[in-house]
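The values are calculated or read from the model by the stated rules, or taken from the named source; none is laboratory data. All values reported here derive from a predicted model rather than from experimental measurement. Please note: Cβ atoms are built from the backbone with ideal geometry, for glycine as well, and neighbour counts cover all protein chains shown. Ligands, DNA and RNA are excluded from the accessible area calculation, which covers all protein heavy atoms including side chains. Shrake-Rupley method; radii C 1.70, N 1.55, O 1.52, S 1.80 Å.
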Amino acid sequence: MIGIRGGADTTRGGHLPDTVALFPTCLGDLVMPDTVEHAQHALGVCGLDVRPVRGGTCCGQPAFNAGFHPHARRVARVSVRALAQTTGPIVVPAGSCAAMMSRHWVGLFAGDRDAELARQVAGRVVEFSAVLATHLDVLERRHLSWPGTAGYHDSCHMLRELRLSGEPRAVLGCVRDLELVPLASADRCCGFGGTFSVRYPEVSVAMADSKLDDARSRGVDVLISADPGCLMQLGGRAERTGDTPRVIHIATLLHEAGLR
Amino acid sequence: MSEDPLTSSTFAERARVQLAKPFLREAVPRATDIAVRDLRERFAGHDYDGLRELGREIRARTMADLEDALATLTDALVANGIHVHHAADAAAAREHIRRICRESDATRVVKVKSMATEEIALNPALVADGLEVTETDLGEYVVQLDGDRPSHIIAPIIHKTRAEVRETLSRVAGRELPDDASELTDFARERLRDAFMDADVGISGANFGVAETGTIVLVTNEGNGRMCTSMPRIHIALMGIERVIPTLEDLSVMLPLITGAGTGQLITSYVSMLSGPRGEGEPDGPEAMHVVLLDNGRRALLGTEYQEVLHCIRCGACQNVCPVYRQVGGHAYGWVYGGPIGAVLTPLFLGTEAGGELPQASSLCGACDDICPVKIPLHDLLLQLRRTRVDDGAAPWRERLAAELWAWAWSSPRRYRVVTRIGGGVVRVMAAAGLMSSLGPLGRWARGRTIPTPARRPFHSRGERDV
Ligand code: SF4
């Protein structure tokens, strides 16, 4: 199952597959391992030699955002050091973690003994859907199909820190029979916000509801995002309120559409 | 004054009260969406982002030497025959204004909407002096009649239904007013006109003070600003010291920024540029004009990592796009300023004792940064405030303990694996038994959301040999 490595597709024939490291992130690892596998397969189909990173844990974001920098550093250090052992781009199937790593690690480690290491690693971080968006030709040729309507939810940090919004949509554009409907609230926060969601559960849930209401009013079958944090929040709320839409990661949608 | 909501309740408690108002959660997004949509549409053909950068640059340049800008402003104001007063804090500002009212034998005061006067809680002080005070912005008028507080910087009664407004105005009218927006407005206008005619003193804020010309600039849509500053004998403008801008040319940048970000207008119906009292031979204008320059915690921010918050021009745009504000409105923030700017300003102005909780009341989505007309990095400032709170030891022990435990477990792949394996099992058992609500933070998560159950086989345990 894990063995799919760069090869099936011949579009990059002749070239040796590029090696990429796949950092699952702690949420992906613990709560959405299937999604991480889907991401791994998708990258493999694109001809990349995918090496999952298993020695890291977390990017440190929960503590960083809560103001606990020493704690964030302690945890992120493990990941920085594990990632420093890898080569090639570091693919992260989580928008906000990718933003944390590429945008905040340098500051977090400023003056630290691992500052240089953190800087180098941060410079190699790429978000998952942005990588796929450079292989649209491959996706097109796979005849992916997912019949239904979908809404895409921009995760805040992916949108506003990494400025990635066209990329995931272009990727979804390669899936036939998938009608991507624009949501008025596409770029509105889902209410997760890490510790915010447990500090202020009522407010957080109200934010999720306004998002879900919008998706429902547009009749979408599935709400797609590229950020496990948002998925957990929106999915958890959708499940509790007992009905549609399904809330899934873009990698899982691609998997279901036949990218396996 | 009534008791201070900031010290007598938490954000969560206040938010809960607001969340229980279905109207609020409909009306606030609707109204704020209109402002944002208008901004996008009306400025579509203009380089609004380029303008924002110019605005940021003007504000940064001014704050870099605020004292110099203020000295120039003061000289120019005095040269224009305007009396200038300096107020170190709210009490001093109130005192200046009370004294001016007293010395001019005033009995009636009319006011233009001003956040600075809210900030110094001016009205109760004037009322205590026996003055009759009338707010003349329609929204503020209703707020005043209700003994309420404004809940948005630009739209003070964004939280009220038309039915509520009608009820309030009907009470004043002593008869049932029709349920019609324009008739309600007409009634209020009539009342306010009398107030303008009778007033001795008009009090306003200041959107900007132009240093080079000694001009106080007011941006309004109802025309009440013009009435308040020209009809009464005395005009007092209360201006936060950071609202100074160096030149008229700078104003040409700041004006479309504040009207665009505030109400989505290229220009407001009225822009008043006040450069002194009535001159000799002039038919109207006040006999005397005073400017009270308010510090109240602003100078203390100069040279700190929070200096950029002084760039704020109080346009309210960050509130409009804030997903938290849109759910809970301005009152949940407990003081004068709500939304992202309130979450930053309140602890800086009032101290962390009272306002320290507010920076946590944000999901850090960054929408505020993207819309702020002067590009204040509110998201970074919120992060900085959170960090300072932790570094100062102000975070509660539970939080510190949680951070400690998490860092301990997550900082070694081995511990991480063992702890999450055990923890995952516990969560699965508790979830199956329906006991999640007793699991601390997870229990709080479970209020309204399904707990994400940890996978039996996390990714790290899959295909180990394969790496
Ligand atoms: S912080 Fe920016 S967006 Fe918010 S009120 Fe101030 S100027 Fe406007």
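To keep it simple, each residue is scored yes or no on (1) within 14 Å of chain A (Cβ to nearest Cβ); (2) within 30 Å of A:ALA208 (Cα to Cα); (3) touching a strand residue (DSSP E or B) at 6+ places or on another chain (Cβ under 6 Å); (4) not in a helix (DSSP H, G or I).
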{"position": "B:LEU6", "(1), (2), (3), (4)": "no, yes, no, no"}
{"position": "B:GLU13", "(1), (2), (3), (4)": "yes, yes, no, no"}
{"position": "B:VAL17", "(1), (2), (3), (4)": "yes, yes, no, no"}
{"position": "B:ALA27", "(1), (2), (3), (4)": "yes, yes, no, no"}
{"position": "B:ASP38", "(1), (2), (3), (4)": "no, yes, no, no"}
{"position": "B:ARG56", "(1), (2), (3), (4)": "no, no, no, no"}
{"position": "B:GLU67", "(1), (2), (3), (4)": "no, no, no, no"}
{"position": "B:ALA71", "(1), (2), (3), (4)": "no, no, no, no"}
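Can you tell me which residue is farthest from A:CYS59 (Cα to Cα) among those in the stretch A:232-252 that are facing another protein chain (nearest Cβ under 9 Å) and open to solvent by 10 Å² or more (accessible area, probe 1.4 Å)?
A:THR241
Quick test for you: out of B:LEU302, B:LEU294, pick the one residue that is more than 16 Å from the ligand (Cβ to nearest atom), buried (at least 22 other Cβ atoms within 10 Å of the Cβ) and touching a residue at least 40 places away in the same chain (Cβ under 8 Å).
That would be B:LEU294, the only listed residue that is more than 16 Å from the ligand (Cβ to nearest atom), buried (at least 22 other Cβ atoms within 10 Å of the Cβ) and touching a residue at least 40 places away in the same chain (Cβ under 8 Å).
Read through the list (1) within 10 Å of the ligand (Cβ to nearest atom); (2) surrounded by fewer than 24 Cβ atoms within 10 Å (Cβ to Cβ), then give the number of the only condition that B:CYS315 fails.
(2)
Would you call B:VAL112 hydrophobic (A, V, I, L, M, F, W, C) and surrounded by fewer than 19 Cβ atoms within 10 Å (Cβ to Cβ)?
Answer is no for this residue.
Take B:ARG326 and tell me if it is away from the ligand (no atom under 13 Å from the Cβ), closer than 30 Å to B:VAL17 by Cα, of a type in the set (D, E, K, R) and touching a residue at least 24 places away in the same chain (Cβ under 8 Å).
yes
Only one of (1) open to solvent by 20 Å² or more (accessible area, probe 1.4 Å); (2) touching a Leu at 6+ places or on another chain (Cβ under 8 Å) fails for A:LYS211. Which number is that?
For A:LYS211, the failing item is (1).
State the number of residues belonging to the stretch A:160-178 that are buried (at least 18 other Cβ atoms within 10 Å of the Cβ) and farther than 18 Å from A:TRP105 by Cα.
9
Might you let me know whether the stretch B:215-233 holds any residue that is in contact (Cβ under 8 Å) with a residue 60 or more places away in the chain, open to solvent by 30 Å² or more (accessible area, probe 1.4 Å) and within 15 Å of the ligand (Cβ to nearest atom)?
No.
Just to check your reading of the model, which residue among A:ARG103, A:ARG77 is facing chain B (nearest Cβ under 9 Å), touching a residue at least 24 places away in the same chain (Cβ under 8 Å) and open to solvent by 30 Å² or more (accessible area, probe 1.4 Å)?
Result of the check over A:ARG103, A:ARG77: A:ARG77.
Would you please name the residue that is nearest to the other protein chains (Cβ to nearest Cβ), looking only at residues in the stretch A:80-90 that are open to solvent by less than 20 Å² (accessible area, probe 1.4 Å) and in contact (Cβ under 8 Å) with a residue 60 or more places away in the chain?
It comes out as A:LEU83.
Of the residues B:LEU350, B:LEU310, which is farther than 24 Å from A:SER185 by Cβ, out of contact with any Cys (no Cβ under 8 Å at 6 or more places or on another chain) and at pLDDT 95 or above?
B:LEU310
Looking at this structure, is B:ALA181 modelled with pLDDT of 90 or more and of a type in the set (Gly, Ala, Ser)?
No; evaluated as a whole, the condition is false for this residue.
Could you list, in sequence order, all residues of the stretch A:63-74 that are more than 7 Å from every other protein chain (Cβ to nearest Cβ) and either of a type outside the set (A, V, I, L, M) or under 14 Å from B:ALA395 (Cα atoms) (or both)?
Correct list: A:PHE64, A:PRO70, A:ARG73.
Filter the stretch A:189-200 for residues that are outside any helix (DSSP H, G or I) and either under 22 Å from A:PRO93 (Cβ atoms) or more than 7 Å from every other protein chain (Cβ to nearest Cβ) (or both) and give the result.
Listed by number, the residues that qualify are A:CYS189, A:CYS190, A:GLY191, A:PHE192, A:GLY193, A:GLY194, A:THR195.
Applying the selection to the stretch A:36-61, what residues are closer than 27 Å to B:ALA403 by Cα and more than 7 Å from every other protein chain (Cβ to nearest Cβ)?
A:VAL53, A:GLY56, A:CYS59, A:GLY60, A:GLN61
For the stretch A:135-176, enumerate the residues that are in a helix (DSSP H, G or I), farther than 20 Å from B:SER363 by Cα and in contact (Cβ under 8 Å) with a residue 60 or more places away in the chain.
Listed by number, the residues that qualify are A:HIS135, A:ASP137, A:VAL138, A:LEU139, A:ARG141, A:PRO168, A:VAL171, A:LEU172.
If you take the residues in the stretch B:389-413 that are within 18 Å of B:LEU442 (Cα to Cα) and small (Gly, Ala, Ser), which one is most open to solvent (accessible area, probe 1.4 Å)?
Looking at residues that are within 18 Å of B:LEU442 (Cα to Cα) and small (Gly, Ala, Ser), I get B:ALA402.
For the stretch B:122-143, name all the residues that are in contact with a helix residue (DSSP H, G or I) (Cβ under 7 Å, 6 or more places away or on another chain) and farther than 16 Å from B:ILE236 by Cβ.
Answer for the stretch B:122-143, where residues must be in contact with a helix residue (DSSP H, G or I) (Cβ under 7 Å, 6 or more places away or on another chain) and farther than 16 Å from B:ILE236 by Cβ: B:ASP137, B:LEU138, B:TYR141, B:VAL142.
Count, please, the residues in the stretch B:75-126 that happen to be free of Cβ contacts under 8 Å to residues at least 12 places away in the same chain, among the acidic types (Asp, Glu) and either in contact with a strand residue (DSSP E or B) (Cβ under 9 Å, 6 or more places away or on another chain) or part of a loop (DSSP other than H, G, I, E, B) (or both).
1
Given (1) assigned to a loop (DSSP other than H, G, I, E, B); (2) open to solvent by less than 20 Å² (accessible area, probe 1.4 Å), identify the lone condition not met by B:ALA44.
(2)
Tally up the residues in the stretch B:13-41 that are more than 18 Å from the chain's Cα centre (by Cα) and surrounded by fewer than 17 Cβ atoms within 10 Å (Cβ to Cβ), please.
14
Looking at A:ALA98, is it within 14 Å of chain B (Cβ to nearest Cβ) and of a type in the set (A, V, I, L, M, F, W, C)?
no
Looking only at the stretch B:344-388, which residues are closer than 17 Å to A:GLY194 by Cβ, more than 13 Å from the ligand (Cβ to nearest atom) and open to solvent by 40 Å² or more (accessible area, probe 1.4 Å)?
Passing the criteria: B:GLU357, B:GLN384, B:ARG387.
Each row is one residue, and each column tells you yes or no for (1) touching a Gly at 6+ places or on another chain (Cβ under 8 Å); (2) on the phi > 0 side of the Ramachandran plot; (3) among the hydroxyl-bearing types (Ser, Thr, Tyr); (4) at pLDDT below 95.
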site: A:LEU43; (1), (2), (3), (4): no, no, no, no
site: A:GLY55; (1), (2), (3), (4): no, no, no, yes
site: A:GLN61; (1), (2), (3), (4): yes, no, no, no
site: A:SER79; (1), (2), (3), (4): yes, no, yes, no
site: A:ALA94; (1), (2), (3), (4): yes, no, no, no
site: A:MET100; (1), (2), (3), (4): yes, no, no, no
site: A:ASP114; (1), (2), (3), (4): no, no, no, no
site: A:ARG124; (1), (2), (3), (4): yes, no, no, no
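What about B:LEU257, is it in contact (Cβ under 8 Å) with a residue 12 or more places away in the chain, touching a Pro at 6+ places or on another chain (Cβ under 7 Å), within 16 Å of the ligand (Cβ to nearest atom) and farther than 25 Å from B:ARG102 by Cα?
Considered against the rule, which asks whether it is in contact (Cβ under 8 Å) with a residue 12 or more places away in the chain, touching a Pro at 6+ places or on another chain (Cβ under 7 Å), within 16 Å of the ligand (Cβ to nearest atom) and farther than 25 Å from B:ARG102 by Cα, B:LEU257 comes out as yes.
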